[in-house]
1. Just one of the numbered conditions (1) of a type outside the set (D, E, K, R); (2) over 30 Å from B:VAL279 (Cβ atoms); (3) open to solvent by 20 Å² or more (accessible area, probe 1.4 Å) is not true of B:PRO99; which one?
2. Across the range B:409-436, what is the number of residues that are within 11 Å of another protein chain (Cβ to nearest Cβ), surrounded by fewer than 22 Cβ atoms within 10 Å (Cβ to Cβ) and either within 13 Å of the ligand (Cβ to nearest atom) or under 21 Å from B:ASP85 (Cα atoms) (or both)?
3. Anything in the range A:64-89 that is more than 9 Å from chain B (Cβ to nearest Cβ) and over 22 Å from B:SER417 (Cα atoms)? List them, or say none.
4. Please pick out the residue among A:ALA174, A:ALA185, A:ALA164, A:ALA229 that is within 14 Å of chain B (Cβ to nearest Cβ), open to solvent by 10 Å² or more (accessible area, probe 1.4 Å) and over 15 Å from A:GLY81 (Cβ atoms).
5. Looking at B:TYR406, is it open to solvent by 20 Å² or more (accessible area, probe 1.4 Å), more than 12 Å from the chain's Cα centre (by Cα), facing chain A (nearest Cβ under 8 Å) and within 12 Å of the ligand (Cβ to nearest atom)?
6. Which one of the conditions (1) hydrophobic (A, V, I, L, M, F, W, C); (2) open to solvent by 20 Å² or more (accessible area, probe 1.4 Å); (3) out of contact with any helix residue (DSSP H, G or I) (no Cβ under 7 Å at 6 or more places or on another chain); (4) within 13 Å of A:PRO79 (Cβ to Cβ) does A:MET45 fail to meet, given that it meets all the rest?
7. Can you confirm whether the range A:129-149 contains a residue that is under 30 Å from A:SER257 (Cβ atoms), in a helix (DSSP H, G or I), touching a strand residue (DSSP E or B) at 6+ places or on another chain (Cβ under 7 Å) and more than 14 Å from every other protein chain (Cβ to nearest Cβ)?
8. Wholly within the range A:154-259, which helices (runs of 4 or more DSSP H) include no fewer than the required count, namely at least 2 residues that are over 23 Å from A:MET45 (Cα atoms)?
Amino acid sequence: MRIALMATCLADAMFPSVARATVTVLERLGHEVVFPPGQTCCGQMHVNTGYAREALPLVAHHVDVFEEALTSCDAVVAPSGSCVGSVRHQHATVADGAGRHALAGRATAVAARTYELSELLVDVLGVTDVGAYYPHRVTYHPTCHSLRLLRVGDKPLQLLRAVAGLDLVELPGAEECCGFGGTFAMKNSGTSSAMLEDKMRHIRETGAERCTAGDASCLMHIDGGLRRAARETVRVAGDGAGHGAPRTVHLAEILASTRAGVFA
Amino acid sequence: MSALRRPVALGMPGRRADVGHAPGGPALAGGASSPLRGEETFPRAAKRELAKPQLRANLAHATSTIRAKRAAVVGEVPDWEALRDAGAAMKAEAMQRLPELLEELERAVTARGGVVHWARDADEANAIVADLVRATGAREVVKVKSMATQEIGLNEYLDEAGIEALETDLAELIVQLAGDTPSHILVPAIHRSRTEIREIFLEHMAGVDPELTDEPRLLAMAARAYLRERFLRAEVAVSGANFAIAETGTLAVVESEGNGRMCLTLPRTLITVMGIEKVLPRAQDLEVYLQLLPRSSTGERMNPYTSMWTGVTPGDGPQEFHLVLLDNGRTAALADEVGRAALHCIRCSACLNVCPVYERTGGHAYGSVYPGPIGAILTPLLTGAVDHDDPNSSLPYASTLCGACYDVCPVKIDIPSILVHLRTRGVDAGRGGVPAPEAVAMKAAGVVMGSPTAFRAAEAASRAVRVLARDGAVSRLPWPGSLWTASRDLPAPPKEPFRAWWARERGASAAEGGK
Ligand code: SF4
């Protein structure tokens, strides 16, 4: 299959290894990956913050780029539940809201062939064992948009269970939001932090070395909190005290890891 | 047609000049010091509430218990999703036919000996109720828990008119005795622990046993003894309504403690204040809602008491019945194509109990009698808050859009989409003036992200942040970045963005996607 990668602006700019891992996994499975270089951002942050008008050109641009890509590709994949959620559940609405009904129709067509990574692997490509090896204790945070907007269900767990060496432990209160919510993390910083505290406590309770998820944005939030906590521990209890504190890793990075080496 | 009936359009009768309204549109609710508007924005109020560890412990315990109960009883209904669809469809139908159904309801209630009154806003409704109570000569009324009367501040209004209104729902009584405000639609004292309740009773409940402990049964018995006497001597009761049936003129109240049944049957006069959106076309529609409501709200298969009455029955129950139909911003909400679904709400409070924001901040942070996810949409819709200075305009942002509320809502209100819609409404209303820093940033980000060349340049520029990083992370940024770094590190930007790696590794031809 020939697959167009929608890297997402966040992974492109801040977490390139997530996008590279996605390429690695798909190529290892024998597929061809292309990166349409015109892509920028899906506009989700704008829409969710109330700036639909500013989002409209981004939606139009996204549709132009991936409609073109789909003339030679079978599907679009993104390593992010919330960006695919935006493509699938917001793009047509934004276009319709601006009276751009033709654009809305094209957006719907692009969305119909756009998949989150676990959806593509399990539903479209029909694989759960991608040949990965990751010898760590891992817990999975389902992220709200993968869970409730895309309904990916247990697809990520099916993939994780098939990873050799991986010890999967259940996360208490897994389905509860980590408190990120895009600009919510800034606008309601206090409430966001209170939610994050509870998420981190649950992660620690599992004894996992790594918390994984299908969204770099939620992981950036959780990891930011975990790093801060580890830093505080070191500050209070001295060097080495923060050792063994859990960190985060994207689902794609786990799936890209093999016996030849951990992907990073 | 009753003497009090005023000409009504969908937008209810013409408004008085002192009531807020959208230009040319229907009346809005919530003037100054309204129970629909707090004094602070949500983030500010939340900050204060977040600093109360006892409150957070009470809320976490109570909401997780009720969440589990709900999940268990919902899980055992095989056609739950079909019930939700039906509940949503019938509410949509009722909203579409609202003027016609309200007039049908009025005719049916009147035919059965009741009197119907129409109130455009809180002031009118309060004045109608006070006049009706005065006409009976009573100085006190017993009340069934009702969101509509809370929304209009009826108790306070009656108090000023020299009429004492006694709340008879246990939790509502606790709140009233403590001089507190409710923090939950269904469990108004959810923010209180047993120990706190015992203290409130000892301090404020006349004639209570000084040996009272905090055992739930004993607390309930104390309230029961206190209330029983009041039920028996009350001349007037004031209630809300969960449902009204247009075809028959029947009103319904759903409750757990039996206090409602007392109020609805013992006093001579019954006054019901009901939001106009509570009307349903047919009696048969109740079969759906009476399954959806108890399971969603208290996590029970069926609630202990469902009272229904139709007008007046000579020699049985209240001999005088008044129905006050309240608009108070509802037709303004109805005029909003996306927001109108908020009027489908049956006040089950399931969305509050699953909301991670509500669970941390509690109901008082919302500044309105409607807290939680439904409050975050309903309050701004009823009050029309779009102005930046209005504390209610911060409510649509009091959510991470996690979607848990939508999943549990028994009438499938897409709360996240309405939140986004109201955010957009606020942003658009603010256009034209001096743009706020956020608007400037969003516009700039839109321009940068709209073009791959500009995006590449911005990526390169962001690498400057690397100089602030230690161990690959930034722990301190100036405002507004400080809002993030107050509790979280920010990763340093990578040495090389993905697109640069791709171009380097795969070359220009691969980057074009061509082969
Ligand atoms: S919005 Fe839905 S879940 Fe929330 S109180 Fe209303 S009916 Fe219940």
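The values are calculated or read from the model by the stated rules, or taken from the named source; none is laboratory data. Owing to the predicted nature of the structure, the values given are computational and were not obtained by experimental measurement. Glycine also receives a Cβ, built like all others from the backbone with ideal geometry; neighbour counts cover every protein chain displayed. Protein only, heavy atoms only, side chains kept; ligands, DNA and RNA dropped before computing areas. Shrake-Rupley method; radii C 1.70, N 1.55, O 1.52, S 1.80 Å.
1. Condition not satisfied by B:PRO99: (2).
2. Qualifying residue count for the region: 2.
3. Correct list: A:ASP64, A:PHE66, A:GLU67, A:LEU70, A:THR71, A:ASP74, A:ALA75, A:VAL76, A:VAL77, A:ALA78, A:PRO79.
4. On the way: A:ALA174 fails: over 15 Å from A:GLY81 (Cβ atoms); A:ALA185 fails: open to solvent by 10 Å² or more (accessible area, probe 1.4 Å); A:ALA164 fails: within 14 Å of chain B (Cβ to nearest Cβ).
On inspection, the qualifying residue turns out to be A:ALA229.
5. Values: open to solvent by 20 Å² or more (accessible area, probe 1.4 Å): yes; more than 12 Å from the chain's Cα centre (by Cα): yes; facing chain A (nearest Cβ under 8 Å): yes; within 12 Å of the ligand (Cβ to nearest atom): yes.
For B:TYR406, the condition - open to solvent by 20 Å² or more (accessible area, probe 1.4 Å), more than 12 Å from the chain's Cα centre (by Cα), facing chain A (nearest Cβ under 8 Å) and within 12 Å of the ligand (Cβ to nearest atom) - is met.
6. (4)
7. Going residue by residue through the range A:129-149, those that are under 30 Å from A:SER257 (Cβ atoms) are A:129-149.
Next, from what is left, pick out any that are in a helix (DSSP H, G or I): A:144-149.
If we keep only those that are touching a strand residue (DSSP E or B) at 6+ places or on another chain (Cβ under 7 Å) too, we end up with A:146.
Then drop every residue that is not more than 14 Å from every other protein chain (Cβ to nearest Cβ), which leaves none.
So far as the range A:129-149 goes, no, none of its residues is under 30 Å from A:SER257 (Cβ atoms), in a helix (DSSP H, G or I), touching a strand residue (DSSP E or B) at 6+ places or on another chain (Cβ under 7 Å) and more than 14 Å from every other protein chain (Cβ to nearest Cβ).
8. Values: elements: A:155-161, A:184-187, A:189-206, A:216-237, A:251-256.
Qualifying helices (runs of 4 or more DSSP H): A:155-161, A:189-206, A:216-237, A:251-256.
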